[in-house]
Amino acid sequence: MKLSNIPQRYVIVFLTFLSTSVCYIERVGFSIAYTVAADAAGINQSSKGTILSTFFIGYACSQVPGGWAAQKIGGRKVLLMSFILWSSTCFLVPLDPNRVGLLVFARLLVGVAQGFIFPSIHTVLAQWVPPHERSRLVSITTSGMYLGAALGMWLLPALVEFRGPESVFIAEALAGVVWSLLWIRYATDPPRSEHPKAAAAGFGGALLPTNVNHNHRVTHIPWKKIMLSLPVWAIVVNNFTFHYALYVLMNWLPTYFELGLKVSLQGMDSSKMVPYLNMFVFSIVGGFIADYLITKRILSVTRTRKFLNTVGFLVASAALMALPQFRTSNGVILCSSVALGFLALGRAGFAVNHMDIAPRYAGIVMGVSNTAGTLAGIIGVDLTGKLLEASKLIYSDLSHPESWRIVFFIPGLLCIFSTVVFLLFSTGERIFD
């Protein structure tokens, strides 16, 4: 099938959108399937937190190497290799909560493989997406995360109920294989001669990996300048906070429904996917608002990023801290939808900022900041398990609202802190040539 009537950059954006969707179906799917299997096996909350956080250890280890590999080898190739590796692992490794060593190894391997994905995607998008479309097209790509999470929350509990937890792994592996075949068939690198002004604009074939066969100089990566840059650290801090909140909700909301509210996920209707659908919508809306404000010259790039980041994170903070007050499934869905939706809106601030300040090194900067986001997953998911175990000693079980208060207050306070950091130190200007 030919897609010659569609500009290739839109094909690339659609395929990267699908890739983020599939990845988050996998992450939500493991949380759901493992929670069911672990509860049936009598695994305690602290041990569950350890297993759920193992993915992020592998994920953290490969973020910066992923950016480096995408810079040197090419994001298109690295993205494909990542999908093949994690899909194969899902297909081959059984889900058995009692085989802890095997499960830890598998989650580490999946984490390492998926750690290459977002640096590769940002490298690919930096090559294909022109600056005036940057906010909305990057937002469309990343919105796939939330659509994938929504689909996972909607479809996978039923799959677990009728076919068992193991069936989730098979379905995820098949989805990864299908995406890989689409990527092989339709993804390309931008021709070097296609965009003569691309280097000046900050995108295009000029940002492809270089080698001696093309007579281009080898790109020097300014590691020291990147690591000492305050605008980079503003992105890093906000990435940490965003993912702390997201991963705590993604990994522990199933437990909050099951043990905090005594509501079965399998018994809930499609409303359980609403928080992630809200993220999907708000992520796209945020991208379009950002591009509108910038292209109409209503606000500068810097002020646009700061405005959307501030609104998103402050509203999310209020919703997160209010969440444990809600004692019905509909109330929790409403509150988590507001929190996740506005966090996604905030991504039009910090998450696109990599390409503003460093289009040539977007994959590298993304790798650095996503390492922080991954550390948030390791810390937040594991810490939540330990906090809940401690709460059980005080309140006897997890149905008491006070058992969960600190769990949601921590990301709420982090959102306020990150907002201040981004307002003080971020910029929308290009600072890396």
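The values are calculated or read from the model by the stated rules, or taken from the named source; none is laboratory data. Treat the numbers as computed from the prediction; the structure is a model and nothing was measured. Cβ placement follows ideal geometry from the backbone for every residue including glycine, while neighbour counts extend to all protein chains displayed. These accessible areas exclude ligands, DNA and RNA; they are computed on the full protein's heavy atoms, side chains included. Shrake-Rupley method; radii C 1.70, N 1.55, O 1.52, S 1.80 Å.
Quick check, is VAL64 surrounded by fewer than 22 Cβ atoms within 10 Å (Cβ to Cβ), modelled with pLDDT of 80 or more and not assigned by the TED database to the domain that holds TYR247? Yes. Among the conditions (1) open to solvent by less than 10 Å² (accessible area, probe 1.4 Å); (2) of a type outside the set (A, V, I, L, M, F, W, C); (3) modelled with pLDDT under 90, GLY341 misses just one, which is (3). Considering only region 75-93, state which residues are out of contact with any Phe, Trp or Tyr (no Cβ under 8 Å at 6 or more places or on another chain) and surrounded by fewer than 19 Cβ atoms within 10 Å (Cβ to Cβ). Scanning region 75-93 gives LYS77, ILE84, LEU85, SER88, LEU92.
Can you pull out every residue in region 283-313 that is among the charged types (D, E, K, R) and either touching a Phe, Trp or Tyr at 6+ places or on another chain (Cβ under 8 Å) or in contact (Cβ under 8 Å) with a residue 60 or more places away in the chain (or both)?
If the condition is that a residue be among the charged types (D, E, K, R) and either touching a Phe, Trp or Tyr at 6+ places or on another chain (Cβ under 8 Å) or in contact (Cβ under 8 Å) with a residue 60 or more places away in the chain (or both), then ASP291, ARG303, ARG305, LYS306 are the ones that fit.
In the set GLY349, GLY287, GLY331, GLY341, which member is farther than 18 Å from ALA234 by Cα and touching a Lys or Arg at 6+ places or on another chain (Cβ under 7 Å)?
Result of the check over GLY349, GLY287, GLY331, GLY341: GLY287.
Just one of (1) in contact with a helix residue (DSSP H, G or I) (Cβ under 7 Å, 6 or more places away or on another chain); (2) hydrophobic (A, V, I, L, M, F, W, C); (3) modelled with pLDDT of 95 or more fails for ALA318. It is (1). For region 282-300, filtering for residues that are among the hydrophobic types (A, V, I, L, M, F, W, C) and more than 24 Å from GLY144 (Cβ to Cβ) leaves 2. Residue count for region 216-234, restricted to those that are modelled with pLDDT of 85 or more and open to solvent by 100 Å² or more (accessible area, probe 1.4 Å): 4.
For every residue, the table says whether it meets (1) part of a helix (DSSP H, G or I); (2) surrounded by fewer than 24 Cβ atoms within 10 Å (Cβ to Cβ); (3) of a type in the set (S, T, N, Q).
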residue: LEU299; (1), (2), (3): no, yes, no
residue: THR302; (1), (2), (3): yes, yes, yes
residue: PHE307; (1), (2), (3): yes, yes, no
residue: ARG327; (1), (2), (3): no, yes, no
residue: GLY331; (1), (2), (3): yes, yes, no
residue: HIS354; (1), (2), (3): yes, no, no
residue: ALA376; (1), (2), (3): yes, no, no
residue: LEU383; (1), (2), (3): yes, yes, no
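On inspection, THR371 passes the criterion of being closer than 16 Å to ALA234 by Cβ, among the hydroxyl-bearing types (Ser, Thr, Tyr) and crowded, with 20+ Cβ neighbours inside 10 Å.
Being surrounded by 22 or more Cβ atoms within 10 Å (Cβ to Cβ), touching a helix residue (DSSP H, G or I) at 6+ places or on another chain (Cβ under 6 Å) and polar (S, T, N, Q) holds for only one residue in SER391, SER418, and it is SER418.
Just checking, does region 177-199 include any residue being assigned to a loop (DSSP other than H, G, I, E, B), modelled with pLDDT of 85 or more, open to solvent by less than 50 Å² (accessible area, probe 1.4 Å) and more than 23 Å from VAL64 (Cα to Cα)? Yes, there is a match, as at least one residue in region 177-199 is assigned to a loop (DSSP other than H, G, I, E, B), modelled with pLDDT of 85 or more, open to solvent by less than 50 Å² (accessible area, probe 1.4 Å) and more than 23 Å from VAL64 (Cα to Cα). Regarding LEU155, is this residue surrounded by fewer than 24 Cβ atoms within 10 Å (Cβ to Cβ) and either in contact (Cβ under 8 Å) with a residue 12 or more places away in the chain or not in a helix (DSSP H, G or I) (or both)? So LEU155 fails the test. Among the residues making up region 278-297, those that are open to solvent by 10 Å² or more (accessible area, probe 1.4 Å) and among the aliphatic types (A, V, I, L, M) are VAL281, ILE284, VAL285, ILE289, LEU293, ILE294. Applying the condition of being β-branched (Val, Ile, Thr) and touching a Ser or Thr at 6+ places or on another chain (Cβ under 7 Å) to region 358-407 and asking which residue is nearest to THR302 (Cα to Cα) yields ILE378.
Residues of region 1-43 that are open to solvent by 20 Å² or more (accessible area, probe 1.4 Å) and not aliphatic (A, V, I, L, M): LYS2, SER4, ASN5, PRO7, GLN8, ARG9, TYR10, PHE14, PHE17, ASP39, GLY42.
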